[in-house]
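Take a look at the structure below.
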Amino acid sequence: MPSAAPYNIDDYESLLVVLQDVLGVVVPESQRSCLLDRIEPLLARYSLESLAALAQSMKGGDADNVKSSVLEAISKRQSDWVLNPSIVNILQKYVFDQLPDNADIWFVGCGQGQQAYSVAMEIAEYENRKDDNKNFQLLATECSNDDIKQAESASYSSHQLSRLGDGYRKLYTAAGDDADSGIIKDKIRQNIRFSQCDLKEDFHSLGKFDLIICPDVLVYFSNGVKAGVLRQFSKQLKPGGIFLTGHNQAVLPFSDGFERVDHPAGVFYRQKN
């Protein structure tokens with residue numbers, strides 16, 4: 001916690017304990033320096049005077065709104081177009097080749113849509129290179145409804161779009177309604193849909209997938225919650241389906257529903273039949 005923060009260190013530590021006990025969320029060390037910046041607006045929203053009061057309210061019987069707001073604030077990801085290079089490499093050099101036409105793909109934790117659109121752009125690049133339309137169907141989910149609305153609009157400021165590579169920006173975006181915005185072109189948007197999803201709830205209604213991509217969401221969950229989420233992921237995959245995650249996120253210690261595959265293009269996990 002920043003030393004200048006006007007909060008009791010014991011209250012801060014107590015909040016971390018409640019986050020894990022109530023939400024199953026573990027705040028990574030790398031995220032703790034900005035935790036207060038994300039949490040502080042919630043104190044005013046719910047008329048709470050301290051972190052201790054926030055922690056106590058999360059343990060109440062009628063705390064769903066507070067818990068949802070805290071979870072959204074903590075897990076909110078940086079809005080960036082750049083995908084993990086290891087994921088891009090294995091998609092282009094192996095995974096896309098293995099998927100059937102009309103394959104169903106789920107991108108977990110899409111934020112405001114940038115990385116999900118980046119996956120759709122990678123699919124377009126693959127199809128152009130192969131001169132073949134695979135018609136992959138992409139579902140992208142996030143726990144925040146506000147982020148989903150932004151993603152569905154497909155509209156981004158010039159500053160946001162400046163972080164997208166020049167080549168992709170020229171190929172896959174068009175001018176927006178004003179001079180300071182741009183919009184994702186229909187050829188990228190047409191096979192992608194966005195939906196709100198809380199991974200701590202039952203998500204079997206989303207359907208079955210040939211590929212699940214989950215770059216970084218698992219890092220926020222305690223081991224128990226992570227095991228439950230991975231168990232559900234394995235059930236959401238079609239037989240032999242593929243699961244991709246960040247290179248620093250362990251899978252096998254928490255789930256026996258996958259087998260690790262070390263391919264020359266990179267590491268992935270396959271659903272056990």
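Every number in this text was worked out from the coordinates using simple rules, so none of it is lab data. As the structure is a computational prediction, the values presented were derived from the model and not from experiment. Methodologically, a virtual Cβ is constructed for each residue, glycine included, from the backbone with ideal geometry; neighbour enumeration extends over all protein chains shown.
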Exercise. At a Cα cut-off below 15 Å, give the aspartates and glutamates reachable from LYS93, other chains included and same-chain residues fewer than 8 away excluded.
Key: GLU122, GLU125, GLU127, ASP262
Quiz item: How big is the range 9-75 on each of its three principal axes, counting only the C-alpha atoms and giving the largest first in Å?
Solution: 31, 23, 22
Practice problem: For VAL25, enumerate residues with amide H under 5 Å from its amide H, sequence gap 5+ or separate chain, H modeled in the peptide plane. | Solution: GLN20, SER222
Quiz item: To the nearest 0.05, what FRET efficiency results for ASN135 and TYR94 with a Förster distance of 22 Å applied to their C-beta separation?
Solution: 0.65
Quiz item: Using DSSP loop states and a limit of at most 14 other Cβ atoms within 10 Å to flag GluC sites (Glu not before Pro), what is the longest stretch of the chain containing no flagged site?
Solution: 50-200
Quiz item: Setting aside same-chain residues fewer than 8 positions from LYS170, which lysines have a Cα under 16 Å from its Cα?
Solution: LYS185, LYS187
Quiz item: So what's the convex hull volume per residue for the Cα atoms of the range 27-149, in Å³?
Solution: 136
Quiz item: Among the lysines, which fall within straight-line cross-link reach of LYS208, defined as a Cα-Cα distance under 20 Å, with same-chain neighbours fewer than 8 residues apart omitted?
Solution: LYS134, LYS200, LYS226, LYS235, LYS238, LYS272
Exercise. Would you list the P(r) distribution for the range 178-246, with all Cα-Cα distances sorted into 10 Å bins from 0 and each bin expressed as a whole %?
Key: 16, 42, 25, 13, 4
Quiz prompt | At R0 = 25 Å, FRET efficiency that the Cβ-Cβ distance of SER195 and ARG169 yields, to 0.05 | solution = 0.45
Practice problem: Name the residues whose placed amide hydrogens come within less than 5 Å of the amide hydrogen of LEU237, ignoring near sequence neighbours (fewer than 5 apart) on the same chain. | Solution: PHE209
Quiz item: What is the calculated FRET efficiency for SER158 to GLU40, with r their C-beta to C-beta distance and R₀ = 30 Å, to the nearest 0.05?
Solution: 0.55
